[in-house]
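Written below as C-alpha cells is the structure these notes are about.
The values are calculated or read from the model by the stated rules, or taken from the named source; none is laboratory data. All values reported here derive from a predicted model rather than from experimental measurement. Glycine gets a Cβ as well: all are built from the backbone with ideal geometry, and neighbour counts include every protein chain shown.
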Amino acid sequence: MGRAGILFSHVAKAAAKLVADGKNPTVDNVREALGGTGSKSTIAPMLKRWKAEHTEDIVEAELGVPAELLHAIKGIYDKLQGDVQQQLATADAAHQAALQAATDRTAQLIADNQALTDTNRTLSAELQHTKEALAHLQTEQQALNITLATVQSDNAGLQQRLADRAAEITALNHQLTQSRVQFEHYQEATARQRTEERQATDQRIARLEQDLASAQRQTAAQQSTIKQQEVQLTRLIEENTQWQEAARHAQEQGIQARSERDQMTYQLQETTSARRDLQVRLDAAQLALNEACMALAGQEKETQLLTERLGQVEHKMEKIEEDRLTLLKEKAELQAFLANQTKAEEEVNRKR
C-alpha cells in the first residue's frame, strides 16, 4: 500500500528529474526518487500517464540519442519504406498487366487453335466420307466390269454367229445405223437430264476412264470385225435364205445386247463426269487443309514468341524481387543497428 498523499505531480516531478539526470524513469526509479514511498500499483498508472505526455523525453533518455537525430533516422526509415512499397506496387502492377495481357493472348491462341482443330477434324471427316464414296464406287465399277465382260462375251458369241449367218450382216448394219441415230438423240436428252441430276451424281465417283477406253477399243475392234464381215457378205449371200429364221432370232439378241452396251456406255460417261467434279472438290478441300496447317504453324510460332516474352517478364520480376529482398535486408540491418544501439544504451544505463 502506498502512503496517502502521492499525487501525479509528485510522480511527474520525480520522473522529470530522472530524465534530466539521464536515467530511465521506471517505476522502481521513481519510487526510489520519492524516498521509497508509494506502492508500485499507485505509481505505475501515474507514470504511464506522464510517459504518454513526454514520449520524446523518454526516448531520448532511454537511447541516449537526441530527439532530433531520432526523428531524422525515423524520417529516413519511413522514406525508405515508402520508396520500397512504391517500387513494389509499381513492379506488381506492371507484372499484373503483363501477366493479364499474356493470359488474354494465350486464351486467344487457344481459341484459335481449337477453331483450327475443329476445321481440321471437319476436313478429315469429309475426306473420310470421300474415301468411303470412292470405295463404294470402286465396288460398283467391279460390278460394271463383270456386267461388261458378260456383255462382251455375249457380243463375241453373236459375232461368231454372224460369221455363220451371213444374211444377218445387212440387217445388223442397218440396225447399227438406227442405234447410232437413237444413241445421239439419247445423248442429247441425257445431257439435259445430267444438269438436273448433278447433285445426285456428286456421290458417284469411280475411276472408270481406263475401263471406258478399253470398252471403246473393244467396240472399235467389233466395228472392224463388222467391216471384215461385210467383205465376206458377198460370199455368204447364197446361204441367206436358209438362215433367215436364225438371223431374225440372232438379230433380236443383238438388239438387246447393243441396248445393254449403250446403257453401260452411258453409265460409264456419267461416272467419269462425277469423278471429275469430285476431284475438283477434293483438290479444293486439300488446298483449304494446307492453308489451315500453315495458319496453325503461324499460331504456334506466335505462341512460342509470347512464351519467350513471358519468360523475359518473369526474369524482370525476379530481378525486382531480388531488389526488394535487398531493400528488406538493408531495412533489417538498419533495424538491427537501431536494436543494437538501444541495447547498448540500456547496458550503459544499467551499468550506471
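Checked against (1) touching a helix residue (DSSP H, G or I) at 6+ places or on another chain (Cβ under 8 Å); (2) more than 30 Å from Ala97 (Cβ to Cβ); (3) at pLDDT below 85, Ile255 passes all but condition (3).
Restricted to segment 104-114, and to residues there that are under 28 Å from Gln286 (Cβ atoms) and surrounded by 14 or more Cβ atoms within 10 Å (Cβ to Cβ), the residue that is modelled with the lowest pLDDT is Asn113. Taking the criterion of being modelled with pLDDT of 90 or more and either exposed (fewer than 13 other Cβ atoms within 10 Å of the Cβ) or part of a loop (DSSP other than H, G, I, E, B) (or both), the residues of segment 9-34 that qualify are Ser9, Thr26, Asp28, Leu34. What are the residues in segment 239-279 that are in a helix (DSSP H, G or I), in contact with a Lys or Arg (Cβ under 8 Å, 6 or more places away or on another chain) and more than 21 Å from Lys131 (Cα to Cα), if any? Answer for segment 239-279, where residues must be in a helix (DSSP H, G or I), in contact with a Lys or Arg (Cβ under 8 Å, 6 or more places away or on another chain) and more than 21 Å from Lys131 (Cα to Cα): Glu239, Ala246, Ala247, Ala250. Suppose the filter is at negative phi and either at pLDDT 75 or above or not in a helix (DSSP H, G or I) (or both); does Thr177 pass it? For Thr177, the condition - at negative phi and either at pLDDT 75 or above or not in a helix (DSSP H, G or I) (or both) - is met.
When Ala143, Ala135, Ala115 are checked against the criterion of being assigned by TED's automatic domain parsing to the domain that holds Gln267, within 10 Å of the chain's Cα centre (by Cα), part of a helix (DSSP H, G or I) and without any contact (Cβ under 8 Å) to a residue 60 or more places away in the chain, a single residue qualifies: Ala115.
Just one of the listed residues (Ile169, Ile73) is of a type outside the set (Ser, Thr, Tyr), more than 30 Å from Ala20 (Cα to Cα) and either at pLDDT 75 or above or in a helix (DSSP H, G or I) (or both), and it is Ile169. Scanning segment 115-147 for residues that are more than 30 Å from Glu302 (Cβ to Cβ), surrounded by 14 or more Cβ atoms within 10 Å (Cβ to Cβ) and not polar (S, T, N, Q) gives Ala133, Leu134, His136, Leu137, Glu140, Leu144. If you scan segment 264-285, which residues turn out to be touching a helix residue (DSSP H, G or I) at 6+ places or on another chain (Cβ under 9 Å) and exposed (fewer than 12 other Cβ atoms within 10 Å of the Cβ)? Answer for segment 264-285, where residues must be touching a helix residue (DSSP H, G or I) at 6+ places or on another chain (Cβ under 9 Å) and exposed (fewer than 12 other Cβ atoms within 10 Å of the Cβ): there is none. Restricting Leu282, Leu325 to residues that are touching a residue at least 12 places away in the same chain (Cβ under 8 Å), in a helix (DSSP H, G or I) and of a type outside the set (Ser, Thr, Tyr) narrows the list to Leu282.
Looking across segment 151-191, the residues that are without any contact (Cβ under 8 Å) to a residue 24 or more places away in the chain and charged (D, E, K, R) come down to Arg180, Glu184, Glu188.
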